[in-house]
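Asker: Structure in structure tokens, see below.
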Amino acid sequence: AKLGDEVITRGAGGETHQTTEGGYKTLTTQQGMPVADDQNTLRQGARGPALIEDGHFREKIFHFDHERIPERVVHARGYGAHGFFETYQPLTDLTRADIFQRAGEKTPVFVRFSTVAGNKGSADLARDVRGFAVKFYTKEGNWDLVGNNIPVFFIQDAIKFPDLVHSVKQEPDRDFPQAQSAHDNFWDFVSLMPEAMHMIMWIMSDRAIPRSFRFMEGFGVHTFRLVNAEGKSTFVKFHWKPKLGMQSVVWNEAVKINGADPDFHRRDLWNAIQSGDYPEWELGLQTFDQDFADSFDFDVLDATKLIPEDILPVTPVGRLVLDRMPENFFAETEQVAFMTQNIVPGIDFSNDPLLQGRNFSYLDTQLKRLGGPNFTHLPINAPKCPFHNFQQDGHMAFHNPKGRANYEPNSWGPEIGGPREAPMQGFQTLAQEPEGPKVRLRAESFADHYSQARQFYRSQTAIEQKHISDALVFELSNCETPAIRERVVSHLLNIDGDLAKTVAAGLGLPNLPKAATPAAQPKMDLPTSDALSILKN
Ligand code: HEM
């Protein structure tokens, strides 16, 4: 950037004054009043007390005092960029979503990558899941695909999310560790929740220490639905495949990078985009019907499971290019509000109990984090298509209803009567028959916690398997309670005997524990089959 000519005057006390001379804009208060002196508070006498009459001083300090907003309760550390999504081919047979109707259509997007556990100021190379959240500003509203770089999740039911996050974040008495899964509470929790074991394999693998955001895959994780113009629904899993391929660092590198440059991932994305080396991903779909879903032993509504790509290949349907950094980090990356419930006509939810819970959580958390109901008025969150409704007022209202009517139905003409329903064009929830009685019950089809963990571990090369066992030994060696370490190994025995033995030896366990049995799982409040048949009758 070109430096300005140095025009400086000195004040009576030797302080620096830079003036508008040389073509600079006039400094004003937030009310627009021009400021003559930004170096000295108003005083009673040059060495006397400050005067409360000094509105400029009070406004400046008040605004500074209020700069911080709550950081995200999870995924606090993140970095975002603008770009576009380009549709390869119309997908009209699968979905009526406008974004998938025309080949070559470009839709603006904002993407935020993040780590999950660490605070806003934590280091980039933590061993952690990476968030991969995409906001598509489509012509029929914002669609948020709020995914991660790992295709499965720790838990099956959103009711366990606060427990999971509490266990992974700082322990409440000591407020550490800040950003690692290397402590008793985390291992205690996951070893009591065998459903986490598949995710544990991924999180101990190289996937959890990516070389940069540009070398990561992304996943929508849950099974969603696509719905076409005839109302036909198809299940879908969303995938992002990086054009650069996948790369990770090894743990020793991660530790050094964190020390030398905790901003390593942000710097990488900034430098790449600023130098015109735009990162690119392909969006891929796995689509399937109910019969295909029924052919598996596991449940496609279970977010701890994936559909193997060798059974159902991923079909590329478009590309994502990130080509512009935000002008202001806070206004865009910090204030962006992703919400899983932001879908558009042609996309719908499945009954995945984790997804259903998320659909409540994100709006709720944005209301608190962004200070009220009008966060959609912020440019980064506002749709880029026309939008009209009768919601009004609240803090910072920017888009109140135009005209006389703020209710409907009404008798006023189109100039003042406001918007009306669009029966054909609007969003239609897919009609579904309810299934069974109202119960707190997890289906049997969610019960196998080890097969896919084993499948993932055994799909790894020898060196990748060694990284997993090294990571388990390292992380568990920071876990001080022997019984918890043993409980983790008892699960590993159900995944892979050699892995369990390697980890047990690495930890110096005197004896190999017994393999965990389903009876060791926490009680899930399951009604007996007798109780259920009574319920049904
Ligand atoms: C934030 C992904 C499960 C609650 C995020 C973000 C991502 C993400 C990517 C960061 C968004 C951003 O960059 O601003 C996921 C995935 C999940 C999952 C892939 C499982 C498949 C859950 C569950 C809940 C939850 C089960 C709660 C029931 C939250 C909250 C935030 C968040 C409260 C903070 C949002 C904010 O303040 O902007 N999640 N999450 N997540 N997630 Fe999740």
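The values are calculated or read from the model by the stated rules, or taken from the named source; none is laboratory data. Everything numeric in this text was worked out from a predicted model, so none of it was measured. Backbone-built Cβ (ideal geometry, glycine too); neighbour counts: all protein chains shown.
Asker: Residues T9, T92, T26: which one is β-branched (V, I, T), assigned to a loop (DSSP other than H, G, I, E, B) and farther than 30 Å from E105 by Cα?
Answerer: T26
Asker: Mind counting the residues in the range 491-514 that are under 19 Å from H183 (Cβ atoms) and crowded, with 20+ Cβ neighbours inside 10 Å?
Answerer: 3
Asker: Also: If a residue has to be assigned to a helix (DSSP H, G or I), surrounded by fewer than 21 Cβ atoms within 10 Å (Cβ to Cβ) and touching a residue at least 12 places away in the same chain (Cβ under 8 Å) to count, how many in the range 457-466 make the cut?
Answerer: Number of matching residues: 3.
Asker: Conditions first: (1) surrounded by 10 or more Cβ atoms within 10 Å (Cβ to Cβ); (2) over 30 Å from I203 (Cβ atoms). Y450 passes all but one, so which condition is the exception?
Answerer: Unmet for Y450, out of (1) surrounded by 10 or more Cβ atoms within 10 Å (Cβ to Cβ); (2) over 30 Å from I203 (Cβ atoms): (2).
Asker: Something else: Exactly one condition in (1) within 30 Å of V321 (Cβ to Cβ); (2) surrounded by fewer than 15 Cβ atoms within 10 Å (Cβ to Cβ) is false for G13; which is it?
Answerer: G13 satisfies all of (1) within 30 Å of V321 (Cβ to Cβ); (2) surrounded by fewer than 15 Cβ atoms within 10 Å (Cβ to Cβ) except (1).
Asker: Can we say T87 is more than 10 Å from the ligand (Cβ to nearest atom), buried (at least 23 other Cβ atoms within 10 Å of the Cβ) and more than 27 Å from R369 (Cα to Cα)?
Answerer: Numbers: more than 10 Å from the ligand (Cβ to nearest atom): yes; buried (at least 23 other Cβ atoms within 10 Å of the Cβ): no; more than 27 Å from R369 (Cα to Cα): yes.
Judged against the criteria, T87 is not a match.
Asker: Find all pairs meeting these conditions: Cβ atoms under 6 angstrom apart; at least six residues apart or on different chains; first residue within the range 59-81 and without any contact (Cβ under 8 Å) to a residue 60 or more places away in the chain and under 18 Å from S361 (Cβ atoms); second residue in a loop (DSSP other than H, G, I, E, B) and near the ligand (Cβ under 9 Å from one of its atoms).
Answerer: Pairs that qualify, where the first residue is without any contact (Cβ under 8 Å) to a residue 60 or more places away in the chain and under 18 Å from S361 (Cβ atoms) and the partner is in a loop (DSSP other than H, G, I, E, B) and near the ligand (Cβ under 9 Å from one of its atoms), are H75/V116.
Asker: Within the group A397, A405, A422, which residue is touching a helix residue (DSSP H, G or I) at 6+ places or on another chain (Cβ under 9 Å), assigned to a loop (DSSP other than H, G, I, E, B) and free of Cβ contacts under 8 Å to residues at least 24 places away in the same chain?
Answerer: A397 is the lone residue from the list that is touching a helix residue (DSSP H, G or I) at 6+ places or on another chain (Cβ under 9 Å), assigned to a loop (DSSP other than H, G, I, E, B) and free of Cβ contacts under 8 Å to residues at least 24 places away in the same chain.
Asker: Follow-up. Within the range 361-383, which residues are within 12 Å of the ligand (Cβ to nearest atom) and without any contact (Cβ under 8 Å) to a residue 40 or more places away in the chain?
Answerer: Within the range 361-383, L363, D364, Q366, L367 meet the criteria.
Asker: With respect to R68, determine if the residue is within 23 Å of T333 (Cα to Cα), surrounded by fewer than 11 Cβ atoms within 10 Å (Cβ to Cβ) and within 16 Å of the ligand (Cβ to nearest atom).
Answerer: Here the answer is yes, as R68 does meet what is asked.
Asker: Same structure, new question: For the range 136-153, does any single residue satisfy the condition of being more than 13 Å from the ligand (Cβ to nearest atom), of a type in the set (S, T, Y) and either out of contact with any Cys (no Cβ under 9 Å at 6 or more places or on another chain) or closer than 30 Å to W251 by Cβ (or both)?
Answerer: no
Asker: Pick out the one residue from S122, S114 that is surrounded by 21 or more Cβ atoms within 10 Å (Cβ to Cβ), of a type outside the set (A, V, I, L, M, F, W, C) and touching a residue at least 24 places away in the same chain (Cβ under 8 Å).
Answerer: On the way: S122 fails: surrounded by 21 or more Cβ atoms within 10 Å (Cβ to Cβ).
Going through S122, S114 in turn, the sole match is S114.
Asker: I've got another one for you. From the list F238, F215, exactly one residue is modelled with pLDDT of 95 or more, surrounded by fewer than 19 Cβ atoms within 10 Å (Cβ to Cβ) and not aliphatic (A, V, I, L, M). Which is it?
Answerer: F215
Asker: Go through the range 94-117 residue by residue and tally those that are under 23 Å from A331 (Cβ atoms) and either hydroxyl-bearing (S, T, Y) or within 13 Å of the chain's Cα centre (by Cα) (or both).
Answerer: Initial filter on the range 94-117 (under 23 Å from A331 (Cβ atoms)): 107-115.
From what is left, the residues that are either hydroxyl-bearing (S, T, Y) or within 13 Å of the chain's Cα centre (by Cα) (or both) are 107, 110-115.
So the count comes out to 7.
Asker: Also, quick follow-up: With the checklist (1) basic (K, R); (2) within 21 Å of N148 (Cα to Cα); (3) out of contact with any Phe, Trp or Tyr (no Cβ under 6 Å at 6 or more places or on another chain); (4) not in a strand (DSSP E or B) in hand, flag the one item K256 doesn't pass.
Answerer: Every condition holds for K256 apart from (2).
Asker: When you check G48 against the structure, is it loosely packed, with under 12 Cβ neighbours inside 10 Å and either more than 27 Å from G131 (Cα to Cα) or at pLDDT 95 or above (or both), yes or no?
Answerer: Against the criterion (loosely packed, with under 12 Cβ neighbours inside 10 Å and either more than 27 Å from G131 (Cα to Cα) or at pLDDT 95 or above (or both)), G48 qualifies.
Asker: State whether one or more residues within the range 336-343 are surrounded by 13 or more Cβ atoms within 10 Å (Cβ to Cβ), outside any loop (DSSP other than H, G, I, E, B) and among the hydroxyl-bearing types (S, T, Y).
Answerer: Within the range 336-343 (the criterion being surrounded by 13 or more Cβ atoms within 10 Å (Cβ to Cβ), outside any loop (DSSP other than H, G, I, E, B) and among the hydroxyl-bearing types (S, T, Y)), the answer is no, since none of the residues qualifies.
Asker: What are the residues in the range 315-343 that are without any contact (Cβ under 8 Å) to a residue 40 or more places away in the chain and more than 15 Å from the ligand (Cβ to nearest atom), if any?
Answerer: T315, E327, N328
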